[in-house]
1. Taking amide H positions as placed in the peptide plane 1.01 Å from N, state which residues far from Ile141 in sequence (5 or more) or on other chains have amide H under 5 Å from it.
2. Applying 1/(1 + (r/R0)^6) with R0 = 41 Å to the Cβ-Cβ distance of Arg236 and Arg200, what FRET efficiency is obtained, to the nearest 0.05?
3. Rounded to whole Hz and in sequence order, give me ³J(HN,Hα) for the range 108-123 from the Karplus expression 6.51 cos²θ - 1.76 cosθ + 1.60, θ = phi - 60°, writing x for Gly and Pro.
4. Run the quick spin-label model on Glu193 and Met1: label points 7 Å from Cα toward the beta carbon, then report their separation in nm to one decimal.
5. Would you please classify the overall shape of the range 203-252 from the alpha carbon gyration tensor, given that a ≥ b ≥ c denote the square roots of the eigenvalues, rounded means a/c under 1.5, and beyond that prolate means a/b larger than b/c while oblate covers the rest?
6. Using each residue's phi in the range 236-245, evaluate 6.51 cos²θ - 1.76 cosθ + 1.60 at θ = phi - 60° and report the 3J(HN,Hα) Karplus result to the nearest Hz, with x for Gly and Pro.
7. Which of the residue pairs Lys161/Lys249; Lys117/Lys152; Lys4/Lys112 have a Cα-Cα distance greater than 20 Å in the structure shown?
8. Once label points are set 7 Å from the Cα along Cα→Cβ at both Glu244 and Phe124, what is their separation, rounded to one decimal in nm?
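The values are calculated or read from the model by the stated rules, or taken from the named source; none is laboratory data. All of these numbers come straight from a predicted model, not from anything done at the bench. As a convention, Cβ positions derive from the backbone with ideal geometry for all residues, glycine included, and neighbour counts pool all protein chains shown. Side chains are part of the model used for accessible areas, which takes the heavy atoms of the whole protein and leaves out ligands, DNA and RNA. Shrake-Rupley method; radii C 1.70, N 1.55, O 1.52, S 1.80 Å.
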Amino acid sequence: MLMKEYRICMPLTVEEYRIGQLYMISKHSHEQSERGEGVEVVQNEPYEDPTHGQGQFTEKRVYLNSKLPSWARAVVPKIFYVTEKAWNYYPYTITEYTCSFLPKFSIHIETKYEDNKGSNDNIFDSEPKGEEEIEVCLVDIAYDEIPERYYKESEDLRYFKSEKTDRGVLQEGWIDNQEPIMCSYKLVTVKFEVWGLQTRVEQFVHKVIRDVLLLGHRQAFAWVDEWIEMTMDEVREYERATQEATNRKIGPFPPSISITETPLASVARNGPSSAPSTPLSTEPPEYLSVPKDRPRKKSAPETLTLPDPNRRDSGFRLASIFSWGSTPSPQPE
């Protein structure tokens, strides 16, 4: 498990950002989606929590195989998605991510918004456990380096000036002098409990999250003239219309592939629930055995015929097809 706290300041008020965040997420999702991949909105409706009160619940499926690094694409099926579930009780939100293919992978994000310069060190009331320290990452939307593939001159806040709010250009050290100013505090926990890959994957995911936060918050302010005069009802209508257009843009999705850990009742030994089911018999099944009277060819390797997927006893071997043990070395991004 790797936990970090991100603080992203914006030249807005908390109430203004409430509209801007919804607008930015909808527009960004639509821009980044294409046929066969993108963000599918499954559910978006009001939700009431006994502790936090009225809010909004959304569930999305993010299909992004082609956007994975090469070492990840080598070990996951072509069709898979990340599920995003978000509970928005603004100015407090909870977001969770899980993966259809990796049951041991998850991301948990708590977010709080305040009208300050990122100076609240106890906003999550979290204390370090033992010698563990939570790393605090300050994200500067104007001067932090952004991946080249995401750069747009119109979204460069070192040169952008809002016509409707008269805010910008953001000069070096703008956080100390900007009024109004607010901060988005995000406590992000990444878990990937797979031995041998945990550290590398958790660090990679945090790098991706930081890039996404930087890009999203840059866009929220760069697009401020598009949303600053919207009411909540208007931005919700924009959100609804945009998600319908996005779902049409990416088209229908085929069924996803996921791995479950349900043991086979009649043939599995007792063991940890996380262990794959193993047949009691030590003899290979009939469809994998080589006839004893067949001469072995030394000039070519033996071939293996995969089991018939319609056979009920072939399901427990699915995990071995995507074995993590075959992961190649990571390629530079």
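1. Cys9
2. Working: r = 40 Å, r/R0 = 0.98.
Computed FRET efficiency for Arg236 and Arg200: 0.55.
3. For the range 108-123, the Karplus-derived couplings read 10, 10, 9, 10, 10, 10, 9, 7, 7, 9, x, 9, 8, 7, 10, 5 Hz, x marking Gly and Pro.
4. 1.0 nm
5. On the way: a/c = 2.99, a/b = 1.28, b/c = 2.34.
Judged from the Cα gyration tensor, the range 203-252 comes out oblate (a/c at least 1.5, b/c at or above a/b).
6. 5, 5, 4, 4, 5, 5, 5, 5, 5, 5
7. On the way: Lys161/Lys249 32 Å; Lys117/Lys152 26 Å; Lys4/Lys112 14 Å.
Going by Cα-Cα distance, Lys161/Lys249; Lys117/Lys152 fall outside the 20 Å limit.
8. My value for the distance between the label points is 3.8 nm.
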